[in-house]
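Below: one structure, written as structure tokens.
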Amino acid sequence: MVKARKAAAGAYRRSWLHGAPPPRWVRVLPVLLLVGVGAVALTSSTPLDIGFLLGAVPPLAVLAYGPWATALLGAATIVLLTVPAFHLNRPGDTDLFTLGFVATLSIFVSFVRGRRDAQLDLERTVAETAQRAIVPEVSPRVGPVRCASLYRAAERGTLVGGDFFDVRAGPHGVRAVLGDVQGHGLSAVATVASVLGAFREAVLDDADAESVAARLDRRLVVDSARTEHAELFATAVLLDFAPHGREVRVLACGHPPPALLRGATVHALELDPGPPLGLGLADVMPGTARTVSLMPGDRLVLASDGVLEARDATGTFYPFVERLARMAGTAPDRLPDEIWADLIRFAPRIQDDVTLLILTFDGSGAP
């Protein structure tokens, strides 16, 4: 669901050292230092040689404030040094000139930082808009299927990596795909865009999962031929929900099968997988799609390699099916976040894109 994906996005929020606004303590620090030095100096009965601490106020102000606020804090430090009531050991002209120079330089740096931050914010907004256009948020409900998802790109600061997923309704029923292209990060974004574009066309035109897989395979073969030594390929699992009835056909193309969560039980579907997409073999040796009968409330849980191949400190793979069984009572819209929280507890260092797609069959019709 949209809610699940938005909540998930918060876990990879940028730190203030990577472009996010500074935390409150950074904004408060120069003011606290200024007030603290002044308070100690006023309450001391003898002059104190602590005026040098005020030299840190303007540079600290640069981290969180604009030019005007930085200038105000710089002026306050000079006033504090020169007012006799504070007894800051009578600073000489050199000290005052040095502090004035540092304050002036800090104002200039604050101005430059503000301009650069504004430009970076604009570029980041454009980049995020483009990335969300490639992998948009999945609707909470597509026909008789309720959807929840989570996406974590391995490359810091990006929204899209080498994983892809989508759920679309068409004349042949609801179609879903989840997969992983070769590589991850920004280098894989173009391939993801190409694969998803082909999938969205296939939803409207192709009659079955095998035909969809063949179209995606041809798309990657053509794209790979345009670039020398590209060798583009992707693994994927395709789901084809019948327009009427309670059946779904599942086809794996080099990708692990989904898990079926029914009540308190969970098991991975047994499939006869075909080759990965992009090798030109989808028409020659396609996999065999399995038809699965569904009951209201059944949940199909699709996961990318970032989940299935995550390891703990000892090198043990994440036991996806076993852990999923413990979460049988979790609401479908909360299940992606629950799995993610469990995954990062098990394997704190996640180095691949992580994608989860939860599809819940609901034959009750539109809400």
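The values are calculated or read from the model by the stated rules, or taken from the named source; none is laboratory data. Keep in mind that this is a model prediction, so the values were computed, not measured. Please note: Cβ atoms are built from the backbone with ideal geometry, for glycine as well, and neighbour counts cover all protein chains shown.
Table: residues versus (1) touching a helix residue (DSSP H, G or I) at 6+ places or on another chain (Cβ under 6 Å); (2) aliphatic (A, V, I, L, M); (3) in the same structural domain as VAL354 (by TED's automatic domain parsing).
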| site | (1), (2), (3) |
| --- | --- |
| ARG219 | yes, no, yes |
| THR265 | no, no, yes |
| PRO286 | yes, no, yes |
| ALA289 | yes, yes, yes |
| ARG299 | no, no, yes |
Quick check, is TRP16 modelled with pLDDT of 85 or more, exposed (fewer than 15 other Cβ atoms within 10 Å of the Cβ) and either not assigned by TED's automatic domain parsing to the domain that holds ARG141 or not small (Gly, Ala, Ser) (or both)?
no
Strands (runs of 3 or more DSSP E) fully within the range 265-366 counting 2 or more residues that are out of contact with any Asp or Glu (no Cβ under 7 Å at 6 or more places or on another chain), more than 25 Å from SER139 (Cβ to Cβ) and at pLDDT 85 or above:
265-268
Taking VAL237 as the residue in question, decide whether it is surrounded by 15 or more Cβ atoms within 10 Å (Cβ to Cβ), part of a strand (DSSP E or B) and either free of Cβ contacts under 8 Å to residues at least 12 places away in the same chain or in contact with a Phe, Trp or Tyr (Cβ under 7 Å, 6 or more places away or on another chain) (or both).
no
Can you give me the number of residues within the range 240-250 that are outside any loop (DSSP other than H, G, I, E, B) and surrounded by 15 or more Cβ atoms within 10 Å (Cβ to Cβ)?
5
Scan the range 65-79 and give yes if some residue there is in contact (Cβ under 8 Å) with a residue 40 or more places away in the chain and either surrounded by fewer than 15 Cβ atoms within 10 Å (Cβ to Cβ) or more than 40 Å from the chain's Cα centre (by Cα) (or both), otherwise no.
yes
Flag if ALA188 is farther than 30 Å from GLU128 by Cβ and free of Cβ contacts under 8 Å to residues at least 60 places away in the same chain
no
In the range 124-162, how many are outside any strand (DSSP E or B), modelled with pLDDT of 85 or more and either among the charged types (D, E, K, R) or on the phi > 0 side of the Ramachandran plot (or both)?
1
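Residue by residue, here is whether (1) in a loop (DSSP other than H, G, I, E, B); (2) surrounded by 13 or more Cβ atoms within 10 Å (Cβ to Cβ); (3) at pLDDT below 85 holds:
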position	(1), (2), (3)
ALA11	no, no, yes
LEU34	no, yes, no
THR46	yes, no, yes
ASP49	yes, no, yes
Take the residues of the range 107-140 that are closer than 30 Å to GLY55 by Cα and β-branched (Val, Ile, Thr): which is surrounded by the fewest Cβ atoms within 10 Å (Cβ to Cβ)?
VAL112
Among what's in the range 316-332 and is over 18 Å from SER149 (Cα atoms) and either free of Cβ contacts under 8 Å to residues at least 12 places away in the same chain or of a type in the set (Lys, Arg) (or both), pick the residue that is surrounded by the fewest Cβ atoms within 10 Å (Cβ to Cβ).
GLU322
